[in-house]
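As structure tokens, the structure follows; a few thoughts come after it.
Read-outs throughout are calculated quantities, based only on the coordinates presented, and are distinct from any laboratory measurement. Note that the coordinates shown come from a computational prediction; the quantities given were computed from them, not determined experimentally. As a convention, Cβ positions derive from the backbone with ideal geometry for all residues, glycine included, and neighbour counts pool all protein chains shown.
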Amino acid sequence: MDLKSVLAALEAAGTAQTRKIYRRHGVRDPLYGVSYAVQGKLAKQNKHDTELAIGLWESGIHDARILAAMIADPREIRSSRLDGWVRDLDNYVLTDAFSDLVGQSPFARTKMRKWIRSGKEFVGAAGWSVLARLARQDSELTDEELEGYLETIEDEIHCRKNRTRHSMNSALISIGVRNSKLERKALAAAKRIGKVEVDHGETSCKTPDATAYIKKTVAKDRATEQAG
């Protein structure tokens, strides 16, 4: 599909109800209000079409940018392109989709290490979201480096911007379920941190309690291993 036809398909699939839901989650216009079911179908039809993804992102339309993050080839996307796109982030829904793309790219560790230092809310959130993904699956991240990130989270989480705090909490959880050593350190850090306050706007969303979530996930993983 070409850019014009994909944009037309997105616009036709948008609904007022979905636009209302997205706006409650902080998404701004221009916005069509396309469900993720439709986005998934379009993504399958246009998988790894980076040229189309670039055109979709440049449209500035939220739904088109979500699809762009879903179809861009993470092996092909340029480092400079990711640096440009991260500056466009203005809501956590798009930030999560973008972070998933970055986490699959060859630049994941480089971008994560750079962006987690940012004072900009969604750039920082993207960095910590990428770390949350890498902590569970990237063997090249050492325990020592992850322990350093735990210290940063503990020292800075309460003074960072709103959605950055949420992503830092997610990274804390992911580090904590990596192995038993990091589990102990993450649980200790979570206890000292206490409750993480995040404003979720006009939604019922809540920031997970790191201690409870780590324990629950570790128990589930162990049960799966024993069953296998």
ask   = Full extension from SER80 to GLU145: what is 0.36 nm times the residue separation minus their Cα-Cα distance, to one decimal in nm?
value = 20.9 nm
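With a sphere of radius 11 Å drawn around the Cβ of GLU121, what net charge do the other residues whose Cβ falls strictly inside it have (Lys, Arg +1; Asp, Glu -1)? Kindly include the intermediate steps, with their values, before the conclusion.
Values: positive: LYS120, ARG160, LYS161, ARG163, ARG165; negative: ASP90.
Net of charged neighbours comes to +4.
What relative contact order, as a whole-number percentage, does the chain give when Cα pairs under 8 Å and 6 or more residues apart are counted?
14 percent
First select every other residue whose beta carbon is under 15 angstrom from the beta carbon of VAL102; then total the charges, Lys and Arg +1, Asp and Glu -1.
On the way: positive: ARG65, ARG75, ARG78, ARG81, ARG87, ARG109, LYS111, ARG113, LYS114, ARG133; negative: ASP73, GLU76, ASP83, ASP88, ASP96, ASP100, ASP138.
Here the count lands on +3.
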inquiry  = I'm a student and want to see the number: the projected area of the Cα convex hull of region 90-228, averaged over all directions, in nm².
reply    = 8.6 nm²
message = What's the ranking of 49-55, 94-100, 193-199 by average number of surrounding C-beta atoms within 10 Å, highest first?
response = 94-100, 49-55, 193-199
request  = Would you mind computing, in nm to one decimal, how far apart the modelled labels at ALA219 and ASP90 are, each placed 7 Å from Cα along Cα→Cβ?
outcome  = 4.3 nm
note = Length gained if CYS205 through HIS25 is fully extended, taking 0.36 nm per residue and subtracting the Cα-Cα distance, is 63.9 nm
note = Label model pair TYR36, ALA12: point-to-point distance (7 angstrom along the Cα→beta-carbon line) in nm is 2.5 nm
request  = Mind sorting SER174, SER118 by how few other Cβ atoms lie within 10 Å of their own Cβ, fewest first?
outcome  = SER118, SER174
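Based solely on its DSSP helices, what 222 nm [θ] is calculated for the chain when runs of n ≥ 4 H residues each add -39,500 (n - 2.57) and the sum is averaged over all residues, nearest 500 deg cm²/dmol? Please report the intermediate quantities before stating the final value.
Details: 13 runs with 155 residues, N = 228.
Dividing the helical sum by the residues of the chain leaves -21000 deg cm²/dmol.
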key: Dimensions (Å) - region 1-134, Cα atoms, principal axes, largest first   = 39, 31, 21
note = For LYS47, the lysines lying under 24 Å Cα to Cα, once residues fewer than eight places off in the same chain are dropped, come out as LYS4, LYS111
key: Packing-based ranking, highest mean first, of 210-216, 66-72, 122-128 given that Cβ atoms within 10 Å are counted   = 122-128, 66-72, 210-216
query = For ARG136 and LYS114 in one chain, what is 0.36 nm times their gap in residues minus the Cα-Cα distance, to one decimal in nm?
reply = 6.0 nm
inquiry  = Based on alpha-carbon centroids, what's the gap between region 203-228 and region 137-187 in Å, whole number please?
reply    = 15 Å
